[in-house]
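Everything on this sheet refers to the single structure shown next.
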Amino acid sequence: MVSAVSTSDLNLDLCAQEPIRFPGSIQPHGTLVVVDPNSRRIVQASANAPALLGQRRGSSVLGLSVTELVGETAERQINAWLANPDSNYLRTLEVNGERLQVLGHQTAQGIILEFEQPPASEGETLEAYYPRVGRFMEDLPAYEDVADLCAAAAREFRQISGFNRILIYRFDEQWNGEVLAEDGDGVLPSYAGLRFPASDIPTQARELYRLNRLRVIPDANYTPVPIEPPLDPGGKPLDLSFAALRSVSPVHLQYMRNMGTLASMSISVLVDGRLWGLVSAHNATPRRVNAQARTACDLLGKVLSQHIGARERGAYAAKRMALKQVESELLTKIASSDSFQSGLGAHASTWLNVVGASGAAVLHDDAVFTAGTAPAPERLRALAEKLHQQGTDCFVTDSLSLQWPEFSDIVDVASGVLAISISQLHSSYILWFRPEVERTVLWAGDPRAAKQVDNERLTPRHSFASWKELVKGRALPWSQAEIDGAVDFRSAIINFVLRRAEERAELTSQLQRSNRELESFSYSVSHDLRAPFRHIVGYTQLLRERERSLSPQSLHYLDSINEAAVSAGQLVDDLLSFSQLGRTALSMSPVDMQKVVQEIVRSVAPDTRGRQIEWRIQRLPPANGDAALLRQALYNLVDNALKYSRDRSPAIIEISGEQHPSECVYTVRDNGVGFDMAYAHKLFGVFQRLHRMEDFAGTGIGLALTQRIIERHGGWIEARGALDEGAEFRFGIPLKGASVDG
Amino acid sequence: MADLRPILLVEDNLKDIELTLAALAKCQLANDIVVARDGAEALDYLYCRGQHQDRLGGDPAVVLLDLKLPKVDGLEVLATIKSDAATRSIPVVMLTSSREESDLIRSYELGVNAFVVKPVDFNAFFEAIQDLGMFWGVLNETPPRIASGGSVEKKQ
């Protein structure tokens, strides 16, 4: 997830390639034999195995039965224990006249039996450790935090093992080990509060520590004893992962010597199957630990692991519960908002508290909302784009600039980033930020010198003196509870978005339904409402032609009936055009407005016969739009200008246009009766008229239609005028035609 | 021009029939006017069946077809006429109150020969009907029908 500070390059460690599970040799403080489980005969053995037999037999143990090796009594006991082992440590046995501690475990390559001579001072029996361990377990719940717990454990480990110094350290996310507790007798220097770089324990060694919890090295200056033959009957090297006598890497032995510790024992602390930390025991001089003490330490290690695990789980659960409460509070607030973004924005502090952040941002549908201290919108967009390329649902870092140096400009507010993706398709994210917190890390020796190559040999650093490093570009790390809370929050938000999308789809289908109803309504109107008007007009006409002797009054009545029906029919037609406009899609193309105007002038010519009209038409730039609709819009304006200037002689109608960077603006001006600007806002309303019907006929829809056409092109229209001083209509059509629905 | 074929007017509204007939009468056409009151009857006439099974064969000079009709509507009648090789050449003029663009587009897709929105203004209506009557009833020559009247294969 995140890389180590300045030590990251050291992770590419040559140690990591050493075959530590298959060293081909053991440490010399014991003897190892491999027994074939079927024949019960020895197939492999360490070179020092013949010593087990004393001087009685030849020089090799290979091919012997277990009985032949250890005698009948010991063999029976070993078999009984192996049949029902409760630990690797079997017992202390009398073998060929010598008291030996026997360890055994089954592997795919055979039964591995290890024999160790007890240390000169055999120490206490396992039973003797019981009261100590029991007391310690009783005291455990009293320790407030993990550091106190570890300090108490360190004391206990030292008492049992008798080593000069016990360190208990915890691994951080980069696998650097931070010393949490120390107990020592002053022989070895104190490393309390220091940090050991991750490279001190290579990945494969950590994995082995996870599997095999306890290791001892009684003397770092030992000479390894080879396994003979080196390969098992199947031709494979012997896997010593679980062997107590496994020989360790020469680099590690050098490391011990450099640290001034010739004996060591380490016990793994596992929490939920993960290597949480290590108990590391050191002695300045070589030191053996008897099997009982080792078993007691192993037990202590398990107890410590369980307590730490329980405490961490408890802390995690408490934190999760607290965060969950914040989260549900926020979700309740969001549910009553128009959108989750505005809901987040309106409850900024709750939003920040969901993961304990100092800044937050949401990027969705091209909009950016922020809360607290967050990077600038364009940096947020760049970050979202980068995250989108990575394609992760959840991104967590406490050192953004170390991971992606291109974001080093925002370390001050966003060293820590916790981001959740809220859309599979788009780069939509909710992000939380934490600022950079500079801090000092004390390393046990300069971590950059953790491994050196001397004379082409890899050697660990020589100095473990405290080395100070100022760490920059890092925020306080996000806890697992916070990360899990964010992941929870992600699914809640996605659910919310999906639900809103469903609601919107439902609304859309309702709208479509009502739109269809409206369409069929206007379809019926268009058919059935027009017909009666047509009939009225038709029959009046027929009547008029048939009755040649009608009085002028009767003729006037007929004319009035006729006019009324014609204008009612016109009204229906106009209303239909208006309603159709919202429904039909625009077919956009470049429109030669010059031509359109010429064509309009031609088409109005029959109706303006006998009038004095002075057309002043300038060059018009082409527009981008729907040709038929733009013609209609312009026609209505020209028709309007002609209508209101009919008392002028000459009527002057000016049509001009100008091209601007983003739009074309057209103007239609007349010298007619004009209008009072006080009513300008009413000009474009449907059925709005500024003149009496008998003065100027019309349905009151023309300008409304024009405005709607212009708006559907994404443009604007305005009118200027004064009573008796003419009117001027200007409208703009954007160059890049953006058709607008409805 | 010796043999003037009838004009088939398909219209359900009595007032529209009366007005259309008046308009056609004004232009003094010699053609007979046959009126069908719905789409089904129009098809019966064209295919000499039902109440028209005894009529003399022969296609009309033009079909003036209203769009909204009971039973079988105008677009369906048009589709039937234009999808049948035997009747495809009969000129069909859609006469309608509708200004709906979709009707117009659909009609042209189906192969209508002309589409006329009945104007509200009666004079304009007269002019339109007269033009139609003159052009399609008198001037326009249609190719002779290939199959004989009664045994036309019908395609839906």
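Values quoted throughout were computed directly from the atomic coordinates according to the rules given, and no laboratory measurement underlies them. Note that the coordinates shown come from a computational prediction; the quantities given were computed from them, not determined experimentally. Because the Cβ atoms are built from the backbone with ideal geometry, glycine has one as well, and the counts that use them run over all protein chains shown.
Observations, loosely collected:
- Using alpha-carbon coordinates, inclination of helix A:250-259 to the longest axis of chain A, degrees: 80
- The P(r) of region B:7-141 has a tail past 27 Å containing 11 percent of all C-alpha pairs.
- Other protein chain Cβ atoms within 10 Å, averaged over every residue that makes up A:363-369: 0
- Summarising the amide proton neighbourhood of A:R41: residues at separation of 5 or more, or on other chains, whose placed amide H is nearer than 5 Å comprise A:D36.
- Sum of side-chain charges, A:Q553 neighbourhood, beta-carbon under 14 Å (Lys, Arg +1; Asp, Glu -1): -1
- For region B:103-115, the Karplus equation 6.51 cos²θ - 1.76 cosθ + 1.60, evaluated at θ = phi - 60°, returns couplings of 5, 5, 4, 4, 4, 5, 4, 7, x, 5, 8, 7, 9 Hz by residue, with Gly and Pro reported as x.
- GluC sites (Glu not before Pro) restricted to DSSP loop in region A:401-446 with at most 15 other C-beta within 10 Å: A:E438
- Spatially proximal lysines relative to A:K682 (Cα-Cα < 24 Å; intrachain offsets below 8 disregarded): A:K643
- Looking at region A:533-598, the trypsin sites (Lys or Arg not before Pro) that sit in a DSSP loop and have at most 11 other Cβ atoms within 10 Å of their own Cβ are A:R548.
- Annotation: Cα Rg of region A:585-734 relative to the compact-globule expectation 2.2 N^0.38 Å equals 0.99.
- Overall form of region B:1-53 per C-alpha gyration tensor (a/c, 1.5; a/b vs b/c): oblate
- Remark: relative contact order (chain A) = 9 percent; criterion is Cα-Cα distance under 8 angstrom and separation of 6 or more residues.
- For A:V591, distant residues with modelled amide H under 5 Å away: A:A623, A:N624, A:G625
- Longest site-free stretch - chain A; sites: chymotrypsin sites (Phe, Trp or Tyr not before Pro), DSSP loop, at most 15 other Cβ within 10 Å: A:1-686
- Shielding by partners - mean other protein chain Cβ count within 10 Å, residues of B:112-125: 5
- Rounded to 5, the percent of DSSP beta bridges in the protein assembly as shown classed as antiparallel: 85
- Whole-Å semi-axes of chain A's equivalent ellipsoid (Cα gyration tensor): 97, 27, 23
- Two-site FRET efficiency, A:E329 against A:L723, from Cβ-Cβ distance with R₀ of 56 Å, rounded to 0.05: 0.35
- For A:C394, residues with placed amide H under 5 Å, excluding near neighbours: A:S421
- Averaged over the residues of B:20-32, the number of partner chain Cβ atoms lying within 10 Å of the residue Cβ comes to 1.
- Gyration tensor verdict on region A:187-287 (Cα atoms; rounded if a/c is under 1.5, prolate if a/b is larger than b/c, oblate otherwise): oblate
- Spherically averaged projected area of region A:503-581 from its Cα convex hull (nm²): 6.0
- Each of A:C150, A:C394 has some number of other Cβ atoms within 10 Å of its Cβ, and from fewest to most they run A:C394, A:C150.
- If R0 equals 45 Å, the separation of the Cβ atoms of A:R135 and A:R206 corresponds to a calculated FRET efficiency of about 0.90.
- Across every direction, the projection of the convex hull enclosing the Cα atoms of region A:30-116 has a mean area of 5.0 nm².
- Considered as an equivalent ellipsoid built on the Cα gyration tensor, region A:104-227 has semi-axes of 27, 22, 17 Å, the largest given first.
- Nearest 10 degrees, 0 to 90: helix A:480-524 Cα axis against chain A principal axis: 20
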